[in-house]
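Everything below concerns the one structure shown next.
The values are calculated or read from the model by the stated rules, or taken from the named source; none is laboratory data. All values derive from a computational prediction rather than experimental measurement. Note that each Cβ is placed from the backbone with ideal geometry, even for glycine, and that neighbours are counted across all protein chains shown. Note: areas computed on protein heavy atoms with side chains; ligands, DNA, RNA excluded. Shrake-Rupley method; radii C 1.70, N 1.55, O 1.52, S 1.80 Å.
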Amino acid sequence: VIITPEESLWYKMYVSNFYLIESSRMQEKFRVRFRLPYPNFRELVEWVSADPLFDRWCGWKSNNKKASPVELLVLGALRYLGRGWTFDDIEECTAISKEVHRIFFHKFILFGSTELYRRMVIAPISVDEAFSHMAEYKSAGLPGCIGSIDCTHIVTERCEYNLKNNHLGFKSSNTTRTYNLTCNHRRRILHSTAGGPGRWNDQTMVRLDKFIGSVRAGTLFGDHEFELESIDRESQQIVRTRYRGVYVICDNGYLDWSCTVPPFTMTSKQDEIRWSKWMESMRKDVECTFGILKGRWRILKAGVRLWGVLKTDDVWLTCCALHNWLLDIDGFGGEWNGGELVSDWTGPLGDMDFDGINEEIPNAIARLCLNLDPRNYDTSGMGRGNDVVVDDMVDGVHVGRLVRNTVASLSLAQFRRKLVEHHSVQFHKNTLVWPKQNV
């Protein structure tokens, strides 16, 4: 006997059975299986039902044929993203044709990459909005830093044949798409580029990043002011110099722009080594973000099997939007003022592999709640880098006098040396604070 979707296991467990609302154990299982808490899943269903993209399932049908339950279709989309299932696997659990799930999923990632992405991934456009994202960097001795950037590769298995050569990068034998992502220290995604061919490296992708391009041009946060301290060589007193603009921290694969600051690749100076270690440890927030994204949404790790590279872009942006939403749900959105991390995602739900629920919490989550030792500075040698440090004391600077400069007016070597001097002063004053989540 052919069963209907209303008779399927998923419908009885997650749609018609209200036991989920009262049972904390079942709510935990639901989140592990579908990545979203049950109340937020119901909220997502409401958003989907109200969007014209899904009128085929939620609107009036001219042939009076009953549409498949939209709740089951949303569950199938979340399972496809979260665990890398096939549409045939989902059909087995919902009694809805895999072709229906496939068509719905294409609409879902279009909705996720547009409407949901605009709702959840909000790039700051004013100084007031940027202050919140810069708080942790300022306390750690990196004033003026708004976030970390890096590129990641996502395998796209069904790349068009005429695009295959450009999508075969040097990091993978598979065809991949490359994305340049900007996040703050709380692992919140501020901006992501559209995908580029896997052959494109960091230097190419950053040129196409509108957010970083606006920061470099001064059209974003050009009126933001911050102070850097240094020691005057003659008087041995602290000199405070005021700068305008912001910058991001990155690895040595990027271009030599003053707004993209990498660690030193080779140096024998103690203050530069200490600053590089500290900065590289702070910069791991973007690496942790990649780890959380690929651990939580397994389609990003296993590879996207949809036809066409643009569908991979839609999947990536949808996962970024859901990632930010989960940060707000878990209480990671506020500024870190110290204390111990408190969230149910640091418990068994944070294992994300789900093969052994009692395994040790992965390092990407552990770094949110543990004060780990700073990692070694980058010695990979990727990119040219610019380690030539020159003595460039600004003309006319005297003790106690504030002089306004712009980040864009300095070379990378000059501005990075100023950051090193400021960090050294703060280190000897014992005012550096490693950001930790609130209690």
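Here the range 236-306 exposes an accessible surface that is 46 percent carbon and sulfur, computed with a 1.4 Å probe and the other protein chains kept in place.
For a test of the definition: using alpha carbon positions, the gyration tensor, and the 1.5 limit on a/c, classify the range 1-126 as rounded, prolate or oblate.
Values: a/c = 1.68, a/b = 1.17, b/c = 1.43.
Because a/c hits 1.5 or more and a/b fails to exceed b/c, the range 1-126 counts as oblate.
When the listed pairs 29/301; 210/277; 269/429; 164/311; 277/418 are checked against a 26 Å cut-off, the alpha-carbon distance exceeds it for 210/277. Extending 7 Å from Cα along the Cβ direction at residue 199 and again at residue 409 yields two label points whose distance is 4.2 nm. Stokes-Einstein diffusion of the range 213-317 at 10 °C, 1.306 mPa s viscosity, Kirkwood radius from Cα pairs, rounded to a whole number: 91 µm²/s. Computed from the Cβ-Cβ distance with R0 of 45 Å, the FRET efficiency linking residue 208 to residue 66 stands at 0.45. In terms of packing, defined here as the mean over residues of other Cβ atoms within 10 angstrom, the peptides 160-172, 233-245, 267-279, 204-216 line up highest first as 204-216, 267-279, 233-245, 160-172. Grab the beta carbon distance between residue 89 and residue 273, set R0 = 60 Å, and tell me the FRET efficiency rounded to 0.05. Efficiency computed from Cβ-Cβ geometry: 0.70. You can think of it this way: the chain between residue 432 and residue 114 has 110.5 nm of extra reach, that is 0.36 nm per residue less the Cα-Cα gap. When peptides 40-53, 301-314, 71-84 are ranked by their average number of other Cβ atoms within 10 Å per residue, the highest-first order is 71-84, 301-314, 40-53. The dipole here belongs to the range 1-160: it is taken about the Cα centre, uses +1 on the Cβ of Lys and Arg and -1 on the Cβ of Asp and Glu, and is about 280 debye.
For the range 270-277, the Karplus equation 6.51 cos²θ - 1.76 cosθ + 1.60, evaluated at θ = phi - 60°, returns couplings of 5, 5, 6, 5, 5, 5, 5, 4 Hz by residue, with Gly and Pro reported as x.
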